[in-house]
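Data first, discussion second: the structure below is written as structure tokens.
The values are calculated or read from the model by the stated rules, or taken from the named source; none is laboratory data. Fair warning: this is a prediction, and the values are worked out from it, not measured in the lab. FYI the Cβ positions are ideal-geometry reconstructions off the backbone, even for glycines, and counts take in every protein chain you see. Side chains are part of the model used for accessible areas, which takes the heavy atoms of the whole protein and leaves out ligands, DNA and RNA. Shrake-Rupley method; radii C 1.70, N 1.55, O 1.52, S 1.80 Å.
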Amino acid sequence: MTPLTTDLLADALDALRTGSPLVQCLTNVVVAGWTANVLLAAGAAPAMVDNPAESGVFATVADAVLINVGTPYSETVAAMRAAVDSAVAAGTPWVLDPVAVGALPWRTGLARELLDRSPRVVRGNASEVSALAGGAGGRGVETTRTPEAVLGAARELAAGNATVVAVSGPVDHLTDGERVVRVANGHPLLTRVAGAGCALGALTAAFAAVCEDPLVAATAATAMLTVASDAAAARAGGPGSFAVALLDELSLLTPAALARATRLG
Amino acid sequence: MTPLTTDLLADALDALRTGSPLVQCLTNVVVAGWTANVLLAAGAAPAMVDNPAESGVFATVADAVLINVGTPYSETVAAMRAAVDSAVAAGTPWVLDPVAVGALPWRTGLARELLDRSPRVVRGNASEVSALAGGAGGRGVETTRTPEAVLGAARELAAGNATVVAVSGPVDHLTDGERVVRVANGHPLLTRVAGAGCALGALTAAFAAVCEDPLVAATAATAMLTVASDAAAARAGGPGSFAVALLDELSLLTPAALARATRLG
Amino acid sequence: MTPLTTDLLADALDALRTGSPLVQCLTNVVVAGWTANVLLAAGAAPAMVDNPAESGVFATVADAVLINVGTPYSETVAAMRAAVDSAVAAGTPWVLDPVAVGALPWRTGLARELLDRSPRVVRGNASEVSALAGGAGGRGVETTRTPEAVLGAARELAAGNATVVAVSGPVDHLTDGERVVRVANGHPLLTRVAGAGCALGALTAAFAAVCEDPLVAATAATAMLTVASDAAAARAGGPGSFAVALLDELSLLTPAALARATRLG
């Protein structure tokens, strides 16, 4: 049924823990601290190098680069372009998180420009993916569609840009244009924590550093976050304690437990 | 005694939960993530759109706008002006949080300029309100006065600018120039969490989106944060666990419990 | 054996709690909120004033200034220079945290320039201190050396710049060029929380405001963070709950308990 096995996800997490990849994050000011904590908890090494004087040189040293357009400013956008230029030249895998694309004009143009620079994975919600594919966007950072409804657009986007597109939602849909993977884990409390999607983008970059197949990388990241969120929700009393428990569970999750708990479809 | 009833606060929270207003936040880098989490926990939808290329267009779509001058930079100040221009033109309610005004020159001028642009509510501590009204300010972000001592200045500020002024402190004082409401909830641990006041400003914007009377909006926000803080403090072991419990309690608070626990004066 | 007694550390914490020093932080966007919460939990008063129009005037009012070069931008770097100019002129003690210096070119030049402006303390990991002393740096924000291995470089750096150099690691090493203090507290979970080192820099600035001897200030900060981390780790289930517990323990730590638990060498 599914083109991937859960064994591949276990191997990916094992590689993440062994390699502790250095993930350069050019992300938004809202979630920068949270993103760094998610990467540390998972076993990666974050480095938030997002100024134009240093982002390019660092992208040649980093194991992966995350570009998240959540709060773009003139200086950080210049840093994003420099980092992507360098990443492409050096062969460093990079991931695009098109936060709120479609709802806002500047970042929509930026994301489309960056899409032409061979991101290994594009991760967004259904509205963002739809907008990036040329359709209508959402309102702010929240999505107004389901991953199912934009799967066709996601497949075209992936095929047309030789990338993997990961659409987050109640059931996550991931595709490289041909293969389609569904991950049916995850708890509604994830939508009550600022930066759950941004954290997934960062984890995707971390896995892209250690997985050759970007569809495996994106699926492993999605499975890791959502499986950990199921465990965290089981002992949380609300969104505050859930976010804290999620970091704990990310650090405690073993490759075997990940393979066991992931519901691929 | 008090010009408002606790039933009005219950109705306001009910409207917030039903409407899930989209709150555009132009706030400081210290509390951006925390503010987004407070809004999500309370039931609103935050969007941190704070660049000058996008803030204006977004203020026409958002249900309310928060302007918090905590860490102003040239680009975010330009974004604030664009957002306020748009909000005024579109009739989007907006809230001014004059963080550290009085202690610092640039933002004091900025806050006075913005005060002329019809904020629905101005929320600050006693020193900030005093400084905005033309008196002496405090030292940094901490206040050196009580709300009682600046009530006269707050009333004049409110009357002169056709706005509501909410003065935070041990007993919060809120006024539209004529009516005065006091809220006697809240725990000292709130002063040990970075951004408790900033969170109140954001909640005020969220309620301003769903309440026609800005005095009700500001009072509902104050009541919600302080009542939740009383519950959080009862099970906290210090400022770290308090902040986590506060997010949980904000999400758990029901309109009926809010009405029951709020001590209006 | 050790040039300092634990009684001096108890006195320092007592002075911090009594004085509640106002600490101006020019720090990175990743840890700004976390740093403010650490300072508040410990008993200090943070103020993140990091724009060039206000940072200079505020450095004459603040009790101490922290300069952390973690995410430099053109505007915040200008603010750092203005704050340091003012701090030097006004005699306000200031602390330099050279995050990722050595791995990145722009900030390395900036940190060397600022080093000439008489910081009271320089706090970094072994790679950062080595790079600042003219040796090779690390990779990103993580260190690839031990404090023991760079003690010679740290002593020279301290002696040559009339400052105290605090090298963080499994056993922290602190020196003013002549005296050397070792602090053997601290838990590995500290390396899984974003901004543990940055928090130490901020605490060092807070203690520099209330201690005449900068070696005592740096040692008290190191002891406070690491002793609190030992207590937090004892009841944490992972990095998320550890960070929360750390804030609680910082607020609960008494001068007597600090003196009792600190392992000086």
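State whether the residues of the range C:105-116 include one that is modelled with pLDDT under 95 and on the phi < 0 side of the Ramachandran plot.
Yes, the conditions are met somewhere in the range C:105-116.
I'd like the residue in the range A:89-111 that is part of a helix (DSSP H, G or I) and out of contact with any strand residue (DSSP E or B) (no Cβ under 8 Å at 6 or more places or on another chain) and, out of all such residues, is farthest from the other protein chains (Cβ to nearest Cβ). Please lay out each step first, then the result.
Here is the first cut: in the range A:89-111, the ones part of a helix (DSSP H, G or I) are A:89-90, A:105-111.
This time we only want the ones that are out of contact with any strand residue (DSSP E or B) (no Cβ under 8 Å at 6 or more places or on another chain), so: A:89-90, A:105-106, A:109-110.
Numbers: A:A89: 18, A:A90: 15, A:P105: 7, A:W106: 4, A:G109: 10, A:L110: 10 Å.
Ranking the candidates gives A:A89 first.
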Original post:
Can you find even one residue in the range B:222-238 that is within 12 Å of chain C (Cβ to nearest Cβ), in a helix (DSSP H, G or I) and buried (at least 24 other Cβ atoms within 10 Å of the Cβ)?
Top reply: no
Subject >> Single residue of the range B:1-27 satisfying the filter (touching a Leu at 6+ places or on another chain (Cβ under 7 Å) and either at positive phi or of a type in the set (S, T, Y) (or both)) that is surrounded by the most Cβ atoms within 10 Å (Cβ to Cβ) >> reply: B:T27
Subject >> One residue from A:V61, A:V30 being within 7 Å of chain C (Cβ to nearest Cβ) and open to solvent by 10 Å² or more (accessible area, probe 1.4 Å) >> reply: A:V61
Original post:
Of the residues C:G186, C:G201, C:G177, which is in contact with a strand residue (DSSP E or B) (Cβ under 9 Å, 6 or more places away or on another chain) and at pLDDT below 95?
Top reply: C:G186
Original post:
Which one is farthest from C:V122 (Cα to Cα), of the residues in the range C:199-245 that are of a type in the set (S, T, Y) and touching a residue at least 60 places away in the same chain (Cβ under 8 Å)?
Top reply: C:T219
Original post:
Any idea which residue in the range C:84-125 is farthest from C:G70 (Cα to Cα), counting only those that are aliphatic (A, V, I, L, M), open to solvent by 10 Å² or more (accessible area, probe 1.4 Å) and under 18 Å from the mean Cα position of the chain (by Cα)?
Top reply: C:L115
Subject >> Lone qualifier among C:L247, C:L215 - being away from chain B (no Cβ under 14 Å), open to solvent by less than 30 Å² (accessible area, probe 1.4 Å) and part of a helix (DSSP H, G or I) >> reply: C:L215
**OP:** Hey, could you check the range A:135-149 for residues that are of a type in the set (V, I, T) and modelled with pLDDT of 60 or more and say which is most open to solvent (accessible area, probe 1.4 Å)?
**Re:** A:T144
Original post:
For the range A:170-190, what are the residues that are buried (at least 20 other Cβ atoms within 10 Å of the Cβ) and at positive phi?
Top reply: A:G186
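In the range B:171-208, which residue that is assigned to a loop (DSSP other than H, G, I, E, B) and hydrophobic (A, V, I, L, M, F, W, C) is nearest to B:G237 (Cα to Cα)? Full working, then the answer.
To start, the set of residues in the range B:171-208 that are assigned to a loop (DSSP other than H, G, I, E, B) comprises B:171, B:176-179, B:184-187, B:193-195.
Within this subset, residues satisfying the condition of being hydrophobic (A, V, I, L, M, F, W, C) are B:171, B:184, B:193-194.
Details: B:V171: 24, B:A184: 23, B:V193: 13, B:A194: 17 Å.
Looking at the filtered set, the residue picked out is B:V193.
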Original post:
Among C:G197, C:G201, C:G152, C:G160, which is more than 14 Å from chain A (Cβ to nearest Cβ) and open to solvent by less than 40 Å² (accessible area, probe 1.4 Å)?
Top reply: C:G201
